[in-house]
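These notes are about the structure you will find just below.
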Amino acid sequence: MRNECDKVLDYFNDQLSENEKAQFEQHLESCSECREELEELRELTADLPFSSEPVDPPEGMKDRVLGAVFEEDEPVSNEEDPVVYMDEHREQKQEQVPKQSKRPWVVRGLAAALILSLVGNLYALTNNGQEQVSDPEPEPPQIEESTDQVAKRVQLKGENTQANATAAMIRQNEKELLTIQAEQLTPLQGEEVYQVWLIQGETPYRAGTFVANENGEGAVAFSMDQLPEDVEWDAVAVSKEPDANSETPQGEVVMSSSL
Amino acid sequence: MSNRDAELYQKMIDGDKQSLEALYDKYEKLLYSFVIKLSSDETLAEEVLQEVFIKLWTQKAKYDNTKGKFSSWLVTITRYTAIDQIRGNKKHNVSLQEETDVPEEQTQSTEDLVEWKEKSAVMKQAVQKLSDDQKQMVDLFYFKGLSQSKIAEQCNLPLGTVKGRLRLALKHLKEHVSALEGGIRDA
Ligand SMILES: [Zn+2]
């Protein structure tokens, strides 16, 4: 059995088993010598990375890396764990980073394409006028998989925004319902609303309108029997509109997802 | 400089993607070059960077500005991530080869990061001033991240003497750095 003080180097290089590591960290609390040694090691090695010869990263690396990064969940701000000594390698083992999740700018590309195709779209859509601006209070629609059948569910995300939403197509007694639950929405001003669009080819169809509450949440359930039947929808998008009457997207597409 | 980093980091925590992107832009090349030095593997280097920035974004690794500079923290995270991945890849066995081939001309390459530019020449010279044994010690310990017993094996040293040798090597390095920096200041 090795003396705990002999494990400093292996601790620094993250070479201990989880057990040993925990043990050593306990030891650290009572052994100032080891603490100082660790501190010294960090200090003395701190500038070594700067001795690396510059190497140019491969083409497209930034897009690939950031694409994968932003596919991850948003940062969680209010975690309680305080930062503890040497915790840089503590979390190492706990996490599984999805390897090669290389669909970086799909969403971005789609959103851009939407803006382009939607802006140029001069079709005046028939105004069915049937949906109401739905207020997210008091309760967003609950998606009950037990009774209703969820035909499809997607996550909507956008570029440069925290806003995101879950869209679900639900079959309920022969009827199709599109529900959107959005969060982290930026506040609206005046008459502004969030408008949901279902898109087929280049044609957007109104598919529900909602506003954001003070928590940045919004939701709407939209009965799809107002829409043409048997359509293969390509995408769903949410845009911010000047009011609830836009027949085609006038404002920016906040988030979207292909279907 | 590091204030700016802390600022960007804080904004990133609040969900600002552009701030993460700014940090990425600033440190991409240093971290990439560093992992290449650690692993000599371009594919691995990209994977490591991806993992590092995922850790940043998802706050699986958290920076605390009372614990020192952001850049030091970031390279530390990067080093651990790299060591971990290298360990996972069996093909990366210890090699003692020197990093002889410098893949790129070093024209303006370090200009994007002032800190790197300032320190790289001094650090490289300081490392060069070490004896071969000391260089090897630093390399096996810091850049290869080996365990104490592996280092003992590689260097034909009793386990118990590794720590002393390493500290001596690192202290020499520090002295060389101070001397070089002093020289620059006096000049
Ligand atoms: Zn101790």
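A short reminder: the numbers here are calculations on the coordinates, not readings from a lab. The structure presented is a predicted model; accordingly, all values stated were derived computationally and were not measured. Because the Cβ atoms are built from the backbone with ideal geometry, glycine has one as well, and the counts that use them run over all protein chains shown.
In Å, the Kirkwood hydrodynamic radius of the stretch A:1-48 over pairs of distinct alpha carbons?
Final number for the Kirkwood radius of the stretch A:1-48 is 11.0 Å.
What ranking, highest mean first, results for peptides A:53-66, B:148-161, B:48-61 when packing means the other Cβ atoms within 10 Å averaged over each residue? All intermediate terms of the calculation are to be shown ahead of the outcome.
On the way: A:53-66: 17.1, B:148-161: 15.0, B:48-61: 23.6.
Highest mean packing first, the order is B:48-61, A:53-66, B:148-161.
Between B:Glu118 and B:Ser178, what FRET efficiency follows from the Cβ-Cβ distance if R0 is 25 Å, with the result rounded to 0.05?
Working: r = 15 Å, r/R0 = 0.58.
FRET efficiency, B:Glu118 to B:Ser178: 0.95.
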Report summary line: For A:Lys152, counting only lysines whose alpha-carbon sits under 17 Å away and dropping same-chain residues fewer than eight positions off, the answer is A:Lys175
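State which entries of A:Lys21/B:Lys174; A:Lys7/B:Lys67; A:Lys62/B:Lys171; B:Lys69/B:Lys124; B:Lys67/B:Lys144; B:Lys29/B:Lys67 exceed 32 angstrom in Cα-Cα distance in the structure shown. Please list the in-between numbers first.
Numbers: A:Lys21/B:Lys174 29 Å; A:Lys7/B:Lys67 23 Å; A:Lys62/B:Lys171 37 Å; B:Lys69/B:Lys124 21 Å; B:Lys67/B:Lys144 25 Å; B:Lys29/B:Lys67 24 Å.
With Cα atoms farther than 32 Å apart: A:Lys62/B:Lys171.
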Report task. Quick one: go through the stretch A:216-238 and flag any residue whose amide nitrogen is under 17 Å from the point 7 Å out along the Cα-to-Cβ line of A:Lys152. Result -> A:222-238
Requested in this report: Would you calculate the separation in nanometres between label points at A:Ser30 and A:Glu18, each defined as 7 Å from the Cα along the Cα-to-beta-carbon direction?
Outcome: 2.4 nm
Query raised in the report: lysines near A:Lys157 by alpha-carbon distance under 17 Å, same-chain residues fewer than 8 away left out - which ones?
Result: A:Lys102, A:Lys240, B:Lys17
Query raised in the report: Under a no-solvent Debye model with one identical scatterer per Cα of the stretch B:38-80, what's log10 I(q)/I(0) at q = 0.21, 0.25, 0.31 Å⁻¹?
Result: -0.69, -0.88, -1.12
Query - Expected-Rg normalisation [2.2 N^0.38 Å, Cα atoms] applied to the stretch B:1-89 - result: 1.04
